[in-house]
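These notes are about the structure you will find just below.
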Amino acid sequence: MRVDMSEIIWRPSPARIRDAQVTAYQSWLEQTRGLKFDGYESLWQWSVDSLEDFWQSIWDYFGIESPTPYMRVLDRHVMPGAKWFEGATLNYAAEVFRNGRAVSNQVGSIDESARPAIVFRNELGDQPDVSWPELERRVASLAATLTAAGVGAGDRVVAYLPNVPETIVAFLAVASIGAVWSVCAPDMGPVGVLDRFRQIEPAALIACDAYRYGGKIHDRSDTLIGLLEQLPSVRVLVCVPVDVEAGSATSYRSRVPAHVTSVIAWSDAIAADVGLSCAMLSFDHPLWIVYSSGTTGSPKAIVHGHGGVILVGMKDTRLQLDVAPGDRFHWYSSSGWIMWNSQVAALLCGATACIYDGNAGWPDWNTLWRFVSERGVNFFGAGAAFHASCLKAGVEPGRDLDLSRLQSLGSTGSPLSDDAYRWIYGHVKQDLWLVPISGGTDLAAAFTTGSVTLPVRVGEMQCRGLGAAVAAFDERGNPLIDEVGELVCTEPIPSMPLYFWNDPGDQRLLESYYDTYPGIWRHGDWIRFIPRAGDTDAEYGQATLGAVIYGRSDATINRHGIRMGTSELYRAVEALPEVLDSLVVDLEYLGRESWMPLFVVLREGHVLDETLVARIKVEIRRALSARHVPNDVFAIASVPRTLSGKKLELPVKKLLMGQPLEKVVNRDAMANPESMEWFVALAVSRGEIDSGSLK
């Protein structure tokens, strides 16, 4: 049964529309290009019909600087392989500080602490703010330290750090010299970290040996040494203390492997007072490497470029999220989630990055709301699971705290339930723009997002992102309106992956996004675009398309916004002597809690008792993270497999989400079709399908 999601729960005031960043952009288009649009939808249509003109306008509007001319905006409309702004040279860090200096100059005689670059709190409380000049000084010093240690353009520099100011400093320093950045959070186990870092052969590691979470200090010294032993390419180690006595260069010298020739304490690495000099790099010079979930093997190392991330980051943060220079922006995130990268984009826009390191639910679920209130945050974002947890905990931030400066609230990572929409407007703030977004690590951007000029409807995202030619396709590649289909993108976007690291012939890249619909990006989400013909009055312009995400269409684990591949979990589980085989699925439901069951095939003579279940969960937590511990563990006779031996995760997932057996799998293509009957019975017992599917 289709759920009625037509309820408008918030409308922007005329003043909010007038002052919106996207309104200023539209006025600029009219003044400089002679283009006039009657609403967001017509602006979106132009942005995808005239890609070159649109992205040229973004370049000009935000004043992107290149000391060298470029030949053209876009060479050809193909995916993959589109070339953007060939000949242009720029640098992400240079753009950050160009905009930061502009904000500092606007402050004028006001104390520079009024608009710091970074506001930081952890579980110990507020830590010193970092001003724009001090951030630039630290970045310049670390860049000089890395250069002196022999790290240069194109070298990979990896970090094993939590969400602290040092991580931002390290990233900007690496970007400034043209090296390539990659980071994993220290709550990730060594298996997951090595699966990522080993394949890119880093020259340097910037790391902590402990971190604080949930009121406890978690020692990572042995893990850190183990990482170094398994990363023979690392020549330089920079040791970062993270609010505990950890990471001194002296303590590491006796333990690091011989191939690490430089061991540097963080305090020494940022001690120099030198000017920042940013290398001017080609538009497609690699900026960072982020990782896919690793569903069918090792995580794919996704490479994004300086130019694409700058352009799309500016567009998404300023025009879609309505973040203005000088605003205070906080998106609660682990350093290993793409939303950490998005949070750094606040600096790219001249806003203050407000970061929190620690457990959002410790000591209670008002922790982040207190941070937002006390530090004057204007835009607060978090994963949908956070909002759901606050709802269940019964917190009342709007009643208990001063949220007068909070104007916008973001959500992503999974679908936001209808109840969460209503809780936000009933218990957080009535006059608040709620902006759920959906995009991904893959393209470092949002496909479906928001505009503060549009109304908010319960259960829906407001619109498609400017410059993102997204649609819903059926299995034959036909576009769908008001029906659930595969989320696709039919035109290139500047921040799409340049390539996967060590992927000859782009084979894995093509298999990941372009196998289903050649030349068209298939994202892996179920989506429905809903026409909203009622939003046609002059205040809102022509009809828009709302969007609802129905979860992943592939077998990716997506727990609390952190994507992880099943293959990594299998390695951990199947290392136990009792476990012969295993299968896991992550079931995301609209308006219901996600459920991740693990199914194990045990060796003869073993039973799945409480002791073994506990050992399985401990091993998953150790190797991966606590986020990826399954809700339930079941013993099965065999894992469904194809004739070629691949585990049939997606058919099991679809079956347990209510789709009939005959529509989810071709039993003739299975090596063991009888194995599906157990899962059919489970789906029936859970009420997802009726008993007729057993036939």
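One table, with the values for the structure above:
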quantity	calculated
Protein-only accessible surface order, largest first, of L194, L510 at 1.4 Å	L510, L194
The chain - share of DSSP beta bridges that are antiparallel (%, nearest 5)	55
For the stretch 443-518, average projected area of the Cα convex hull in nm²	6.3
Pair-distance profile P(r), taking every C-alpha pair of the stretch 576-664, with 10 angstrom steps and integer %	15, 44, 33, 8, 0
Accessible-area value, T412, 1.4 Å probe, nucleic acids and ligands omitted, Å²	10
With every protein chain in place, the chain: carbon and sulfur % of accessible area (1.4 Å)	49
Relative compactness, the stretch 296-342, computed as alpha-carbon Rg over 2.2 N^0.38 Å	1.41
Interatomic Cα distance distribution for the chain, bins of 10 angstrom, percent	3, 15, 26, 28, 19, 8, 2, 0
Accessible solvent surface per residue of the chain, calculated while the other protein chains remain in place, 1.4 angstrom probe, Å²	37
For N359, residues with placed amide H under 5 Å, excluding near neighbours	G214, G215
For the stretch 300-426: span of alpha carbons on each principal axis (Å, largest first)	43, 35, 27
Heavy-atom accessible area order for R621, R115, largest first, 1.4 Å probe	R621, R115
Largest-first principal axis extents of the Cα set of the stretch 1-132 (Å)	52, 48, 36
Ranking by accessible area, most exposed first, for R405, R571 with a 1.4 Å probe	R405, R571
Extension reserve of the S685-S404 stretch, reckoned as 0.36 nm per residue once the Cα distance is removed	96.3 nm
15 Å tail of the calculated P(r), the stretch 125-188, as % of Cα pairs	52
Total charge dipole magnitude, the chain, about the Cα centre, Cβ charges on Lys, Arg, Asp, Glu only, Debye to nearest 20	460
In Å², nearest 10: area of H77 left accessible to a 1.4 Å probe	90
Cross-link partners of K653 among lysines (Cα-Cα below 23 Å; sequence separation of 8 or more within a chain)	K300, K617, K663, K695
Label-to-label distance, nm, for residues given as S50 and L480 (7 Å Cα→Cβ offset)	3.3
q = 0.12, 0.22 Å⁻¹, the stretch 371-470: log10 I(q)/I(0) [Debye, one scatterer per Cα]	-0.39, -1.21
FRET E, pair K663, D38, Förster distance 35 Å, beta-carbon r, rounded to 0.05	0.25
Pairwise label distance in nanometres, V274 with R370, each label 7 Å out on the Cα-Cβ vector	4.2
Other-chain or far-sequence residues with amide H under 5 Å of I264's (modelled H)	L237, V238, C239
Quarter of the Cα convex hull surface for the stretch 65-224, i.e. its orientation-mean projected area (nm²)	12.8
Accessible-area value, W526, 1.4 Å probe, nucleic acids and ligands omitted, Å²	60
For the stretch 251-374, the fraction of alpha-carbon pairs in successive 5 Å shells from zero, as %	2, 8, 11, 13, 16, 18, 16, 10, 5, 1, 0
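The values are calculated or read from the model by the stated rules, or taken from the named source; none is laboratory data. Because the structure is a prediction, the values reported are computed rather than measured. With ideal geometry, Cβ positions are generated from the backbone for all residues, glycine too; neighbour counts draw on all protein chains shown. Side chains included, ligands, DNA and RNA excluded: accessible areas come from the protein's heavy atoms. Shrake-Rupley method; radii C 1.70, N 1.55, O 1.52, S 1.80 Å.
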